[in-house]
Ligand code: NAD
């Protein structure tokens, strides 16, 4: 079974490539533009067993060439940093909306059996109490989440209009190895290791539901193979923590002082809390397997060993 993985040199995409490379049934081709967030080093352990094509998901010629003999497509490729989207929203529309559109057009054209869109809990917006289900309204707050919601709506429209064989997963915040150190956990690990300040937004009480990246990768594979076409599946880790709790845990693990915490002006439109109800994908047999604390320890170890020079 030949599987096209877009954005496979990024954080979650590369972990997914590592995950499925353990199974000889998959023939893997990665398409990645190699933006600042993509890194060929993320694929070094599996590079010999996969095909890699450098290119943009918006490029008709390259997508056509790569997709035409693929059975499945998983689209991780996206601009992903909320802060960057606040400064420069345009590129988010290009990659996350127009790029998704170009992929869907080619899925329609070729004999692709399943297209899986990787989305995010951020499309639902903030929730004070309770958890979002797949039926909840989309109410994104940032240009990033709005562009992801735009991609999701195109996916759902292609299903309704053309019967394009699509599935969408929406996961909560991932952490683990191979993430570019701009997002909270890898940035704070890197800064703490170098005794640099950890810039916490606002009062640090914004809550995220954290999932270990390998749990998400397993959920994505379950949705890809067992999910019902046209459906959306939430994938949450069940570990709701506020940013200060995460910050203190990182300082604790590294034995660094609380004085490194620096409160900075809050992010514009900063969502207060994300929370996902993942019961739908659990009915397909998926459960998060990794303990949050152990996975955090391993993550810190990984950055210590692999990323100190950044
Ligand atoms: P990332 O920023 O680490 O990696 C994105 C990858 O996509 C990079 O390798 C980049 O080079 C590539 N890319 C970007 N634009 C491209 C384009 N136009 N054409 C081809 N390649 C392109 O992102 P990530 O954190 O691994 O996220 C992967 C997906 O998962 C994204 O769709 C994101 O919205 C979603 N997601 C991420 C999280 C998270 O916590 N990181 C949570 C939920 C959902």
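Results, tabulated for the structure shown:
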{"quantity": "Residue 111 away from the ligand (no atom under 15 Å from the Cβ), modelled with pLDDT under 95 and either crowded, with 17+ Cβ neighbours inside 10 Å or farther than 23 Å from residue 150 by Cα (or both)", "calculated": "yes"}
{"quantity": "Any chance residue 8 is within 8 Å of the ligand (Cβ to nearest atom), surrounded by 18 or more Cβ atoms within 10 Å (Cβ to Cβ) and without any contact (Cβ under 8 Å) to a residue 40 or more places away in the chain", "calculated": "no"}
{"quantity": "Residue 130 vs. criteria more than 14 Å from residue 233 (Cα to Cα), within 15 Å of the ligand (Cβ to nearest atom) and modelled with pLDDT of 95 or more", "calculated": "no"}
{"quantity": "Test: residue in region 14-23 that is without any contact (Cβ under 8 Å) to a residue 12 or more places away in the chain and farther than 16 Å from residue 214 by Cα", "calculated": "no"}
{"quantity": "Test: residue in region 35-51 that is closer than 15 Å to residue 100 by Cβ, within 12 Å of the ligand (Cβ to nearest atom) and surrounded by 14 or more Cβ atoms within 10 Å (Cβ to Cβ)", "calculated": "no"}
{"quantity": "All helices (runs of 4 or more DSSP H) inside region 33-145 with 2 or more residues being under 26 Å from residue 227 (Cα atoms)", "calculated": "60-67, 99-109"}
{"quantity": "Test for residue 139: is it surrounded by fewer than 23 Cβ atoms within 10 Å (Cβ to Cβ), modelled with pLDDT under 95, more than 15 Å from the chain's Cα centre (by Cα) and more than 12 Å from the ligand (Cβ to nearest atom)", "calculated": "no"}
{"quantity": "Unique residue being within 12 Å of the ligand (Cβ to nearest atom) and out of contact with any helix residue (DSSP H, G or I) (no Cβ under 7 Å at 6 or more places or on another chain) when the list is 79, 61, 27, 54", "calculated": "54"}
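Listed here are the residues, each with its yes/no results for (1) within 21 Å of residue 97 (Cα to Cα); (2) more than 11 Å from the ligand (Cβ to nearest atom); (3) in contact with a helix residue (DSSP H, G or I) (Cβ under 6 Å, 6 or more places away or on another chain).
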{"position": "156", "(1), (2), (3)": "yes, yes, no"}
{"position": "160", "(1), (2), (3)": "yes, yes, no"}
{"position": "172", "(1), (2), (3)": "yes, no, yes"}
{"position": "175", "(1), (2), (3)": "no, no, yes"}
{"position": "180", "(1), (2), (3)": "no, no, no"}
{"position": "185", "(1), (2), (3)": "no, no, no"}
{"position": "190", "(1), (2), (3)": "no, yes, no"}
{"position": "206", "(1), (2), (3)": "no, yes, yes"}
{"position": "233", "(1), (2), (3)": "yes, yes, yes"}
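The values are calculated or read from the model by the stated rules, or taken from the named source; none is laboratory data. Keep in mind the model is a prediction, meaning the values are calculated, not measured. FYI the Cβ positions are ideal-geometry reconstructions off the backbone, even for glycines, and counts take in every protein chain you see.
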